[in-house]
Amino acid sequence: MILDPKMPPEAKELIRKEFGLDKPLMAQYLYYLKNTLTGNFGRSFYYPEPVLEIVKRKLPPTILLFTTAVILSYLIGLPLGKSIAWRRGSRFEMGATVFGLFFYTVFIPWFGLIAIWIFSYKLGWFPIGGMLTPEIWATDSGLLPKMGDIPFFGKQQLIALYNRGVIDPENIDEYIGRDGYTALARALTEMTPEGIIEEIKASGLRGRGGAGFPTGLKWSFCRKAPGGPKYVICNGDEGDPGAFMDRSVIEGNPHLVIEGMVIGAYCIGASIGYVYIRAEYPLAVERLRLALETARGENLLGQNIMGLGFDFDIKVKLGAGAFVCGEETALIASIEGERGMPRAKPPFPV
């Protein structure tokens, strides 16, 4: 297991303990043998879920692809080989040899991307990524209609942006009407912070920055970190394509951000949150502030949320659009009114 050398010692120790690496080497080996013989392959570090569940999910597509490849290779390879053997020294043999050498020496990742571009993007014969059921393939259900007209996006299913363009971002009733704040109500009434963190770990949710660090582990470290007060910080400054399109989320579905921050605050024990957003995004700022105001009016933010005794509020901090503030210590410094510059670690922000 390779860990970030900048990771705080207590975080490393928690990860080692979770994977049983804190035990003596012989105990680890015996534990490994026992689990192997009983079919318990433990939890994946990359996908925070049981390895056996990952294998069960990945095995059928793997078998399907492997079987298809073997069948096609026999159907094409055997007749082609016979034809070449009967035509020794002919142009057909020379062409088949060149053809075979090309596919034998070609850089597979490059060839795969070219095949995706031709057969998925241009011709639309296959999904661009993953596997889809025939129903979704035929109806494009769950996809944004405007984006569905673009071949590249047409067969992709949106998760974080699923309500964008569907609801009015300035109307909290429309968000609630599509199960908005249902997760928050369930979290505050039916679950403990520890239970939520375990569910987040099992979901495999990862941050879009920080090398995709598992969200459940980050929340767990923050909850167990000594001292206080604790804060939830949302970096809404990055709005360029490829940086998770924070601007699109805040403009199109600000209550989703608010609900997620409240749940995160409940888990780690925070009472204040900050949304750091670029001042160049006036529409995002306007809609976020309106959403915060209406959420407070519905008792979904502020003091005694939902009458359940939990207090949490969110403040908006405008940034100047400095790229360096994507780094956590520079971001925190900017929120505190200091110059947005990275600082030496430790201490480590959780």
Among DSSP beta bridges whose residues both lie in the range 179-335, state the antiparallel percentage, nearest 5. 20 percent
FRET efficiency, 1/(1 + (r/R0)^6) with R0 30 Å, evaluated for LEU283 and PHE323 via beta carbons: 0.90
Could you give the dipole magnitude of the range 179-335 about its Cα centre, charging the beta-carbon of Lys and Arg +1 and that of Asp and Glu -1, in debye to the nearest 20? 300 debye
Separation in nanometres of the label points that stand 7 Å from Cα toward Cβ, at PHE310 and GLU199: 1.0 nm
Which length gain, in nm to one decimal place, applies between ARG343 and LEU52 when the Cα-Cα distance is subtracted from 0.36 nm times their residue separation? 100.6 nm
Of the listed peptides 98-110, 324-336, what is their order by residue-averaged count of other C-beta atoms within 10 Å, with the highest listed first? 324-336, 98-110
Please give the contour-minus-distance gain from GLU190 to SER83: 0.36 nm per residue of separation, less the Cα-Cα distance, rounded to one decimal in nm. 31.6 nm
As I understand it, the dipole of the range 179-335 uses +1 on the Cβ of Lys and Arg and -1 on the Cβ of Asp and Glu, about the Cα centre. Which of VAL316, ALA225, ASN304 lies farthest toward its positive end? ALA225
Violating pairs (Cα-Cα greater than 20 angstrom) within the set LYS17/LYS218; LYS12/LYS34; LYS23/LYS218; LYS201/LYS224; LYS230/LYS317; LYS12/LYS201: LYS12/LYS34; LYS23/LYS218
Would you mind counting up the charge near PHE312? Only other residues with Cβ under 12 Å from its Cβ, with Lys and Arg at +1 and Asp and Glu at -1. 0
Between TYR31 and ASN171, the two model label points (7 Å from Cα along the beta-carbon direction) sit apart by a distance in nm of 5.5 nm
Please give the length that would be gained between TRP125 and ALA69 if that part of the chain were fully extended, namely 0.36 nm times their separation in residues minus their C-alpha to C-alpha distance (nm, one decimal). 18.4 nm
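Each value in this text was obtained by applying a stated rule to the coordinates, not by laboratory testing. All of these numbers come straight from a predicted model, not from anything done at the bench. Here Cβ is always computed from backbone atoms with ideal geometry, including for glycine, and neighbour counts include all displayed protein chains.
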